[in-house]
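In what follows, a structure is listed as structure tokens, so that the remarks can point back to it.
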Amino acid sequence: MTDQAVLDEIKSIVESNDVVVFMKGTPTFPQCGFSSVVAQVLDYLGVKYQGVNVLERQEIREGVKAFTDWPTIPQLYVKGEFVGGADIVREMFEQGELKTYLADKGVLEEAA
Amino acid sequence: MGETAKRIQSALETAFPGAYIALQDESALHEGHAGAPDGGESHFAVAVVWNGFEGMNRVARHRAVNAAVDAEFSGRLHALRIRALTPEEAE
């Protein structure tokens with residue numbers, strides 16, 4: 001069972017940051033290929049995001065799986081909404097949907 | 001095909017009747033990583049092409065695939081790459 005306090009903390013992280021990635025490692029040094037994919041795509045699109053290193057927080061690692069009924073890390077959230085894991089992010093990126101989605105959410109800084 | 005692969009294959013066939021399922025063991029690519037136990041069968045990739053995915057968004061499709069193999073995540077399975085498509089999308 002996941003502690004309610006952990007779920008509350010995750011909720012608060014997701015609600016107080018526009019773009020959040022729960023990942024293994026950090027945005028600069030991802031420690032897993034799947035987390036790395038999400039970091040690279042967001043970097044490429046120039047999106048600012050908050051990385052949460054679940055390797056440093058075992059309770060968040062387990063909690064975030066229960067939080068959104070998703071069994072794996074990484075997990076991308078935009079404006080409180082769960083977008084998907086690495087496969088979904090990659091697929092959306094390859095089909096050009098991710099950029100549109102992020103722009104619609106107002107989290108993409110358009111180049112002038 | 002290893003024992004875990006057989007169980008994944010069979011769980012997917014049960015959950016998605018009539019689907020085209022291509023399961024690939026990618027464990028060798030992850031040998032020595034954290035989460036990759038000796039003996040492999042930890043990292044898989046699967047393509048599921050099923051007409052029941054019509055009208056389901058990506059998250060819902062992936063949840064359905066993950067749910068079908070849920071029991072394996074508490075065993076050897078560590079990562080499952082998923083492509084979940086309708087027959088039309090797969091063309």
Worksheet, complete the sentence: Counted residues in the range B:54-91 being within 13 Å of chain A (Cβ to nearest Cβ), surrounded by 15 or more Cβ atoms within 10 Å (Cβ to Cβ) and not small (Gly, Ala, Ser) come to 18
Discussion item. Here is a check on your reading of the model: is A:THR72 more than 23 Å from B:ALA67 (Cβ to Cβ), of a type in the set (Ser, Thr, Tyr) and either part of a loop (DSSP other than H, G, I, E, B) or modelled with pLDDT of 95 or more (or both)?
Written reply: no
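Hey, among A:GLY51, A:GLY63, which residue is closer than 19 Å to A:ILE10 by Cβ, open to solvent by less than 40 Å² (accessible area, probe 1.4 Å), over 11 Å from the mean Cα position of the chain (by Cα) and modelled with pLDDT of 95 or more?
A:GLY63
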Worksheet item: What residue, of B:ARG58, B:ARG7, is closer than 15 Å to B:LEU77 by Cβ and at pLDDT 95 or above?
Response: B:ARG7
Fill in: the range A:88-107, residues that are within 14 Å of chain B (Cβ to nearest Cβ), out of contact with any His (no Cβ under 7 Å at 6 or more places or on another chain) and buried (at least 21 other Cβ atoms within 10 Å of the Cβ)
A:VAL89, A:LEU98
Practice prompt. Identify all residues within the range A:19-54 that are in a strand (DSSP E or B), in contact (Cβ under 8 Å) with a residue 24 or more places away in the chain and in contact with a helix residue (DSSP H, G or I) (Cβ under 8 Å, 6 or more places away or on another chain); write none if there are none.
Written response: A:VAL19, A:VAL20, A:VAL21, A:PHE22, A:MET23, A:GLY25, A:GLN50, A:GLY51, A:VAL52
Fill in: Selection within the range A:74-87 - open to solvent by 20 Å² or more (accessible area, probe 1.4 Å) and within 21 Å of A:GLN4 (Cα to Cα)
A:GLY80, A:GLU81, A:PHE82
Item to complete: Scan the range B:42-53 residue by residue and report those that are more than 10 Å from chain A (Cβ to nearest Cβ), among the small types (Gly, Ala, Ser) and open to solvent by less than 20 Å² (accessible area, probe 1.4 Å).
Response: B:SER42
Fill in: Flag for B:LEU80 being more than 21 Å from B:LYS6 (Cβ to Cβ) and within 14 Å of the chain's Cα centre (by Cα)
no
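The values are calculated or read from the model by the stated rules, or taken from the named source; none is laboratory data. None of these values were measured; they are calculated from a predicted model. Glycine gets a Cβ as well: all are built from the backbone with ideal geometry, and neighbour counts include every protein chain shown. Each accessible area value is taken on the protein alone, full model and side chains, heavy atoms only, with ligands, DNA and RNA left out. Shrake-Rupley method; radii C 1.70, N 1.55, O 1.52, S 1.80 Å.
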